[in-house]
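Notes for the one structure printed next.
The values are calculated or read from the model by the stated rules, or taken from the named source; none is laboratory data. Remember, it's a predicted structure, so these values are computed and weren't measured experimentally. Cβ sites come from the backbone with ideal geometry, for glycine too, and all protein chains shown count toward neighbours. Ligands, DNA and RNA are stripped out before the accessible areas are found, and what is left, the full protein with its side chains, is counted by its heavy atoms. Shrake-Rupley method; radii C 1.70, N 1.55, O 1.52, S 1.80 Å.
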Amino acid sequence: MALNYIIFSVIERPIYAKITFVMYNIHEECGVFGVYGHPEAANLTYLGLYALQHRGQEGAGICSSDGKQLQVEKSMGLVADIFSEKRLRRLPGHIAIGHNRYSTAGSSVLKNVQPIVANFALGSLAIAHNGNLVNAVELRTSLEGEGAIFQSTSDSEVIVHLIAHSKKNDFYERVIHALKEVSGAFSLLILREKELIAVRDPYGVRPLCLGEVDGAYVVASETCAFDLINATYIRDIEPGEMLTINEHGLKSLKALISPRKAFCIFEFIYFSRPDSYIFGRLNVNEIRKEFGRQLARESNVGADLVIPVPDSGVPAALGFSEVSSIPFDFGLIRNHYVGRTFIEPKQSIRHFGVKIKLNPVRRLLEGKRLVVIDDSIVRGTTSKKIVKMLREGGGAREVHLKISSPPTIGPCFYGIDTPTRRELIASTHLIEEIRKYITADSLTYLSIEGLKKIVPDSHNYCAACFDNDYPISFPSERLEQMEFFFR
Ligand code: AMP
């Protein structure tokens, strides 16, 4: 997304070119994984990143330590393509961290692939960060004013500089000092020669959990990474908690004060893998199914068949079918070898995306009244193409589109890659207008009350993309700039 926007901005709004460059490069979706105390730390990290591939597909990296020095390997591309046996052999040691990243296209992007490695007064460190910092632009400007030279345009690098610039003598105090300066979402792994540190922002926006395998500790964005390596889940890293893991064992520190919790509700809707347990042992698949059941309770309709938009619509469609008693089937077949169209960085690819990705099963659909379940509508482009495809290619008689989340009206500033406000169709159009645009016979969304009823302790969640209630405030200047572009 970022690069398209930079070019657009440079052409259309030259005055704001610099600021958009910085702002839009900080939209990231990521997955992190770390190991302490395993002879095959890099190999485990490779597997962990493989399981977390859905959280970012544009670049990945692993940094390991043998107790004396750090080694890093990173590239653009998918985990399995980046890490050959030869490359993994270049990552010795019993400690490692890894990162999957989605970012922009373009020549400068490799610089933004994490882990970011740096040397400073107290030794070497590497960081892997999931989430967005909302005050990174301001911090960066001020650090640059003090002489800091940045290697990348990623917001995460600000953390490295803040740690390096801190006057505290003790490393942990430096980290806490740095993290008190930043505002936003961070599930953060820090690797030093002899230890692994895991910290979660005081709101707990992005998930981060702790596990154990063969006596070694592992930390991951989602538990699906533990399953692959036969690790046992121990617990979540708490919001505001800093966990240090070294030769003395595991030590927990309540490092940052939590004003409130603000777990990202969109992790349940789209982002996390359904087999993961996040935010205190909640299974993503079960929650998605329950969204579908609730959708059926709120808006049943006479139809012959319920079909999901695969993959993220599948659990909700099963739930909908269960409550409505309308049979379920796979009326759209997905080609799994195509990346998620939404996050393809080039507009031209996104235009072809739906056809490349989905094919209707005419034998099942012909002459039928369909309930079609998808998890969300962002720009509306996908839904419009799917409805057309179901009628023309599939021969459907009626298409009733049901969305297992409320209308997406606000962009995410905390780490989910949503487009600008003005591109979010539900922020500028009424539901009936969207229905007409996508040419469905009916369009229904899950109500916000329904969503909050399903998610336990929903007051502990950020649902800003649905209710515009942003729990972590932005510097006022930043908001003005954002509103200018998002309007
Ligand atoms: P759109 O065509 O822009 O309305 O995209 C809607 C599709 O994008 C839905 O099928 C969603 O499953 C998917 N989607 C929603 N949010 C995201 C996201 N942050 N990243 C990638 N895909 C998404």
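So here's what we get for this one:
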read-out: For ILE116, distant residues with modelled amide H under 5 Å away; value: ILE127
read-out: Surface share of carbon and sulfur [accessible, 1.4 angstrom probe, percent] for the chain; value: 54 percent
read-out: Per-residue ³J(HN,Hα) for segment 433-439, Karplus 6.51 cos²θ - 1.76 cosθ + 1.60, θ = phi - 60°, Hz, x for Gly and Pro; value: 5, 5, 4, 4, 4, 8, 6
read-out: Long-range amide H partners of GLY184 with built H, under 5 Å; value: VAL134
read-out: In Å², nearest 10: area of ARG369 left accessible to a 1.4 Å probe; value: 70 Å²
read-out: Rounded to 5, the percent of DSSP beta bridges in the chain classed as antiparallel; value: 80 percent
read-out: Karplus 3J(HN,Hα) series, Hz, for segment 281-295 with 6.51 cos²θ - 1.76 cosθ + 1.60 (x for Gly, Pro); value: 6, 9, 7, 4, 4, 5, 5, 4, 4, 5, 4, x, 4, 5, 4
read-out: Folded to 0 to 90 degrees: helix 156-165 orientation relative to the chain principal axis, Cα; value: 20 degrees
read-out: DSSP-defined antiparallel bridges as percent of all bridges, segment 282-470, nearest 5; value: 15 percent
read-out: Amide H within-cut-off set for GLU58, under 5 Å, with H built and near neighbours excluded; value: ARG101, TYR102, SER103
read-out: Highest average packing first - 190-200, 248-258, Cβ atoms within 10 Å; value: 190-200, 248-258
read-out: Rounded accessible area of CYS30 (nearest 10 Å², 1.4 Å probe); value: 0 Å²
read-out: Average accessible area per residue (Å²) across the chain - probe 1.4 Å, nucleic acids and ligands excluded; value: 39 Å²
read-out: Helix 347-357 vs. the chain, principal-axis angle (Cα, 0 to 90°, nearest 10); value: 60 degrees
read-out: Entries in LYS388/LYS452; LYS254/LYS452; LYS180/LYS251; LYS368/LYS436; LYS180/LYS254; LYS111/LYS261 that, when Cα-Cα distance is taken, lie over 22 Å; value: LYS388/LYS452; LYS254/LYS452; LYS111/LYS261
read-out: Solvent-accessible area of MET389 with every protein chain in place, 1.4 Å probe, in Å² to the nearest 10; value: 30 Å²
read-out: Accessible area in the full protein assembly, largest first, 1.4 Å probe, for LYS168, LYS385, LYS436; value: LYS436, LYS168, LYS385
read-out: Cα centroid separation, segment 117-153 to segment 275-321 (Å); value: 41 Å
read-out: Rounded to 10°, Cα long-axis angle of helix 136-145 versus longest principal axis of the chain; value: 30 degrees
read-out: Local electrostatic count, SER84, Cβ distance below 13 Å [Lys/Arg +1, Asp/Glu -1]; value: +1
